[in-house]
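Asks: Below is one structure. I have some questions about it.
The values are calculated or read from the model by the stated rules, or taken from the named source; none is laboratory data. No experiment lies behind these values; they were computed from the predicted model shown. Cβ atoms come from the backbone with ideal geometry, glycine included; neighbour counts cover every protein chain shown.
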């Protein structure tokens, strides 16, 4: 009985979990991107003094902020990274939406 030759068509689609795992394996660690202990302490202090999501507040909602967002993406610029006037408190939903608009992973 003859064996069918292999076909070279489109690959089957990869699951979201597979794509996320592969991306995470290639991505630098949070600490190496500047989000180490010093950032975590600064972030907690900022959220303590700015506890509500700025975007939710603009539409009349009261939602706890869980993320500190860089208003202008710092792209590795340490001056911009640590400039507190460039920080804003956001809820997870608004932070994820803003990050997606900027073309970066949340």
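Asks: Being in contact (Cβ under 8 Å) with a residue 24 or more places away in the chain, under 20 Å from residue 48 (Cβ atoms), surrounded by fewer than 16 Cβ atoms within 10 Å (Cβ to Cβ) and touching a strand residue (DSSP E or B) at 6+ places or on another chain (Cβ under 9 Å) is the requirement here; does residue 64 meet it?
Replies: Taking the combined requirement at face value, the residue satisfies it.
Asks: Checking residue 47 against (1) touching a residue at least 40 places away in the same chain (Cβ under 8 Å); (2) over 21 Å from residue 102 (Cα atoms); (3) touching a helix residue (DSSP H, G or I) at 6+ places or on another chain (Cβ under 7 Å), only one condition comes out false. Which one?
Replies: Against the list (1) touching a residue at least 40 places away in the same chain (Cβ under 8 Å); (2) over 21 Å from residue 102 (Cα atoms); (3) touching a helix residue (DSSP H, G or I) at 6+ places or on another chain (Cβ under 7 Å), residue 47 comes up short only on (3).
Asks: When the stretch 67-91 is examined, which residues are found to be touching a strand residue (DSSP E or B) at 6+ places or on another chain (Cβ under 6 Å) and assigned to a helix (DSSP H, G or I)?
Replies: 86
Asks: Kindly indicate which of 34, 9, 60 is modelled with pLDDT of 80 or more and over 18 Å from residue 96 (Cβ atoms).
Replies: 60
Asks: Could you tell me how many of the residues in the stretch 11-52 are part of a helix (DSSP H, G or I) and at positive phi?
Replies: Selection size over the stretch 11-52: 0.
Asks: Of everything in the stretch 85-106 that's touching a residue at least 40 places away in the same chain (Cβ under 8 Å) and over 13 Å from the mean Cα position of the chain (by Cα), which residue is nearest to residue 47 (Cα to Cα)?
Replies: Out of the qualifying residues, it is 89.
Asks: Return yes when residue 74 is surrounded by 10 or more Cβ atoms within 10 Å (Cβ to Cβ), under 14 Å from the mean Cα position of the chain (by Cα) and under 27 Å from residue 16 (Cβ atoms) and no when it is not.
Replies: In short, no.
For every residue, the table says whether it meets (1) surrounded by 12 or more Cβ atoms within 10 Å (Cβ to Cβ); (2) under 21 Å from residue 85 (Cβ atoms); (3) within 17 Å of the chain's Cα centre (by Cα).
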site	(1), (2), (3)
14	no, no, no
24	no, no, yes
36	yes, no, yes
42	yes, yes, no
50	yes, yes, no
53	yes, yes, yes
58	no, yes, no
